[in-house]
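Readers should treat all values here as calculations from the given coordinates under stated rules, not as data from a laboratory. As the structure is a computational prediction, the values presented were derived from the model and not from experiment. Note: ideal-geometry Cβ built from the backbone for every residue, glycine included; neighbour counts use all protein chains shown.
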Amino acid sequence: MNLRLKFEDIRDRWDSGWRSPSSFSTLLPSAISDPQQLDHLLATREAAILTALAGIDDLHALRIVVVPPEPGHGPRLLLNSVADSTPRQQQRRLAAVLARHLHDIVGSEALEPAAFAALLGRHRIREATLFHASPGLSLRQIREDARLRHVLREWIRDLRAAGTLDRMSLDEARLHARLHVQSLNDPTCASGTAPPVKGRWRRCLDLIGTFLFFPLLGVLGKDIQLAVCALQPGVNRVAGALLVALWWLYAAPFTALAFIGVRTMEILEPDFEPPPAPEKKLHRLEAVEDARTKNELTIWFPVKPTVWGRLLMRLTLFGSERGTRHLWTRGTLAGAQNIHFARLLLADGGRRMVFMSDYSGSFDAYIDHFIGVGGNTRAVVPISSRVFGCPQTRWLYFPKDTASFRTRWRAMVRSYQLQAGVRYVAYPDLSANDILSHQRMRAGLFAENLSAEALEDWVRRI
């Protein structure tokens, strides 16, 4: 193993020690020069690939996307997985499953898992930003929580049919529900023990390092304030507010310089509008999105073709990764909900940015989370402002022309959007909000005492 791989392995182990699930991405050259033929081959093998992937017991999601040819590159396969294991472990497990289905497509004669794993690792690209709506929850826990909700709904239906539910108070119903669940002798339902929090000291060191060595994080001032307000009232919140106030004395000059630099770039950069997506492509994307409850979005963005544009993109993605690690950890991405996973990567030496997400609902509702009326523009505008073709912005967060921004931004996304040729989801019928609600429902069921407000909230989650 060379020095680069050793360093990557150390980073993976460090992050996996306190952050899960983890993500693995690779960009494989294809031996097939025709993208349409490549799409066809993936379509004919999709069913077999999905069946094989279902045997990986910690795999949350996977996609394989055909990246069209461009100068310097023929067609390529973008492969991404999200699982409870480390990226290195994912690499080996995926090789064991996918080698027989993809080896000829990527021009490899190796069917041996070890050789194919080496191929995947050789073309790996690291996530610059990784967001989870339910950090720390394993695939097993997600399935067990969904099973528990199903059991409780059946129990309530039976009690209601017998006419006994109406004679119970909410707390009595909760206690009877707990006894019922425990009597089933079903290990997936009867445990109320919260999973242990991984790597507290690693998280603490990462948090200290982030604020100490990256004062530009001040551009996320609103999110920092919201994170402090989310702390437990009392000593924790007061201490957090004082520490942030002291940190601002150090970070304010750097943050001001960052905003001035970004604003200067915004004034100097020309406005460019990419060509609209062909109607055939739009119809194909919309047909797929309308047919499923959980959608995927994959966008192959060109980064603004200047040295400063690429540098600002790297700094922006580094900042967004700090946000996902320490600020956006309660189910929302800078206020936007129902996004289960989001991954941002830089490819081709920083000339391309890849955005991948798994979300529930329609594409238009997803877009409105970010740039609709009242949308959470601070989640997406700063990053997309570094993309070639993004409508112009002001002070990183604000559209220059509010009236046309949403229309142009949506058209830009459709222009650069790619459709996954193979997509695996371990829980296609569960939204990110469902998973978080199930987790809180289990905690409420096994809690010693709940307030009247918490009891009503618990009942609503069943």
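If one computes the Cα centroid of the range 138-207 and of the range 12-37, what distance in Å separates the two points? Rounded to whole Å, the Cα centres lie 35 Å apart. Grab the other residues whose beta carbon is less than 10 angstrom from that of Met356, score K and R as +1, D and E as -1, and report the net. Net local charge, Met356 excluded: -1. Contact order for the chain, expressed relative to its length and based on alpha carbon pairs under 8 Å spaced 6+ residues apart, stands at 22 percent.
Look at the Cα gyration tensor of the range 36-79: its axes a ≥ b ≥ c give a/c of at least 1.5 with a/b at or below b/c, and that counts as oblate.
For the pairs Lys304/Lys400; Lys222/Lys400; Lys294/Lys400, note any where the Cα-Cα span goes beyond 27 Å. Listed pairs above 27 Å: Lys294/Lys400. Would you mind classifying the range 140-290 by shape? Square roots of the alpha carbon gyration tensor eigenvalues, ordered a ≥ b ≥ c; an a/c under 1.5 is rounded, otherwise it is prolate if a/b is larger than b/c and oblate if not. It comes out oblate by the Cα gyration axes. Per residue of the chain, the DSSP helices (runs of n ≥ 4 H) give a summed -39500 (n - 2.57) that works out to -17000 deg cm²/dmol at 222 nm. Compared with the alpha-carbon gap, the fully stretched path from Asn2 to Gln36 is longer by 8.6 nm at 0.36 nm per residue. Span-like helix check, the chain: qualifying full DSSP H segments, with Cα axial length of 30 Å or more and mean Kyte-Doolittle of -1.0 or more, are 139-162, 235-268. Stokes-Einstein diffusion for the chain at 25 °C, viscosity 0.890 mPa s, with a Kirkwood radius from C-alpha pairs, works out to 102 µm²/s. Relative contact order of the range 200-425: 25 percent, from C-alpha pairs under 8 Å at least 6 residues apart in sequence. Residues His340, His101, ranked from the fewest to the most other C-beta atoms within 10 Å, line up as His101, His340. The label-point distance for Ala230 and Ala245, in a model that sets each label 7 Å from Cα toward Cβ, rounds to 2.3 nm. Using only the Cα atoms of the range 3-125, build the gyration tensor, take square roots of its eigenvalues as a ≥ b ≥ c, and label the shape rounded, prolate or oblate: rounded if a/c is under 1.5, else prolate if a/b is larger than b/c, else oblate. Since a/c reaches 1.5 and a/b is larger than b/c, the shape of the range 3-125 is classed as prolate. Semi-axis lengths, largest first, of the ellipsoid equivalent to the range 200-425 are 31, 22, 16 Å, with √(5λ) applied to each eigenvalue of the Cα gyration tensor.
Label-to-label distance, Asp401 versus Arg147, with points set 7 angstrom from Cα along the beta-carbon direction: 5.6 nm.
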